[in-house]
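Structure, as structure tokens:
The values are calculated or read from the model by the stated rules, or taken from the named source; none is laboratory data. Since the structure is predicted, the reported quantities are computational estimates derived from the model, not experimental observations. Glycine also receives a Cβ, built like all others from the backbone with ideal geometry; neighbour counts cover every protein chain displayed. Side chains are part of the model used for accessible areas, which takes the heavy atoms of the whole protein and leaves out ligands, DNA and RNA. Shrake-Rupley method; radii C 1.70, N 1.55, O 1.52, S 1.80 Å.
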Amino acid sequence: MKFAVIGSPISHSLSPLMHNANFKSLKLNHEYEAINIPVEQFDHIKDIIKDKEIDGFNITIPHKERIIPYLDEIDEQSKTVGAVNTVLIKDNKWIGFNTDGIGYVTGLRQVYPDIANAYILILGAGGASKGIANELAKFVKPKLTVANRTMSRFDSWQLNVNPISLKTAEEHLDEFDIIINTTPAGMAGNEECIIDLTNLSSETLVSDIVYIPYKTPILTKAELLGNPIYNGLDMFVYQGAESFKIWTGHNADVQEMKHTVLTQLRGEC
């Protein structure tokens with residue numbers, strides 16, 4: 001079987017490395033590649049995937065919402081979130097799923113066991129934020145708070161959250177147990193720290209869904225303040241494992257996937 005990740009740019013993605021390591025570990029004769037599809041070429045998505053004989057694929061920035069009109073079905077998670085990151089091709093039908101939220105929360109619950117009682121602030125109101133908020137709402141009792149620079153972004157939200165501005169978030173940082181950055185601020189080549197951490201409580205866990213760089217600016221600053229930090233590596237691995245299960249019906253070798261990505265990030269291969 002052949003699988004892929006599509007996005008633009010996509011050359012930085014470690015998805016092929018991770019998935020191919022999983023295939024090798026499970027002794028499966030599958031392939032996984034990265035396919036760069038610029039926005040202006042996205043109308044040809046059906047032909048591109050068909051020509052490459054792809055059986056299923058992941059979608060990353062900037063196509064998670066753009067892919068939806070091309071799908072025959074989407075699951076409930078994707079409907080709520082309004083974004084898709086995994087497509088299963090079955091009986092010539094394209095079926096969309098969103099595994100981002102599941103991937104992130106699976107990892108977070110391991111590092112923060114008392115998540116049910118946590119007061120959580122999510123930074124950003126895009127597709128990743130929606131996916132994570134939707135999944136967190138299944139486990140967390142207090143209402144989630146989501147902060148964004150542009151408040152109109154919440155007009156499309158169907159989730160019951162407390163929407164606030166980034167300025168308001170900065171003023172009330174000490175009220176939260178967990179802060180999760182879902183914005184592109186801090187990705188490789190972007191040195192922006194999305195908020196000022198002056199009012200951060202010393203016990204607050206600061207998280208970022210980015211895994212390249214391993215420590216984004218917000219994580220670096222939080223660590224210097226003595227706070228516990230948590231990056232997006234587990235989210236990346238677990239969402240990939242969930243995608244693999246959707247495509248094949250089998251459980252992935254999560255430990256091998258994580259080890260492979262960590263080794264690459266540490267420059268040991």
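Summary table
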read-out	value
Only one of 25, 11, 15 that is surrounded by fewer than 17 Cβ atoms within 10 Å (Cβ to Cβ), of a type outside the set (Val, Ile, Thr) and at pLDDT 95 or above	25
Any hit, the stretch 175-185, residues being closer than 17 Å to residue 125 by Cβ and among the charged types (D, E, K, R)	no
Residues of the stretch 203-219 classified as polar (S, T, N, Q) and either modelled with pLDDT under 95 or in a strand (DSSP E or B) (or both), total	2
Of all residues making up the stretch 38-66, the number that are buried (at least 20 other Cβ atoms within 10 Å of the Cβ) and either free of Cβ contacts under 8 Å to residues at least 60 places away in the same chain or touching an Asp or Glu at 6+ places or on another chain (Cβ under 8 Å) (or both)	6
Tally, over the stretch 200-235, of residues that are hydrophobic (A, V, I, L, M, F, W, C) and open to solvent by 20 Å² or more (accessible area, probe 1.4 Å)	6
Qualifying residue in the stretch 22-39 (condition: under 26 Å from residue 125 (Cβ atoms), more than 16 Å from the chain's Cα centre (by Cα), hydrophobic (A, V, I, L, M, F, W, C) and not in a helix (DSSP H, G or I))	yes
Residue tally, condition part of a helix (DSSP H, G or I), among the aliphatic types (A, V, I, L, M) and within 27 Å of residue 55 (Cβ to Cβ), over the stretch 220-269	8
Residue 79 vs. criteria basic (Lys, Arg) and within 17 Å of the chain's Cα centre (by Cα)	yes
Qualifying residue in the stretch 88-106 (condition: of a type outside the set (D, E, K, R) and over 28 Å from residue 56 (Cα atoms))	no
Test: residue 79 is basic (Lys, Arg), part of a helix (DSSP H, G or I) and either without any contact (Cβ under 8 Å) to a residue 40 or more places away in the chain or farther than 14 Å from residue 243 by Cβ (or both)	yes
Residue check for residue 217: within 19 Å of the chain's Cα centre (by Cα) and free of Cβ contacts under 8 Å to residues at least 40 places away in the same chain	yes
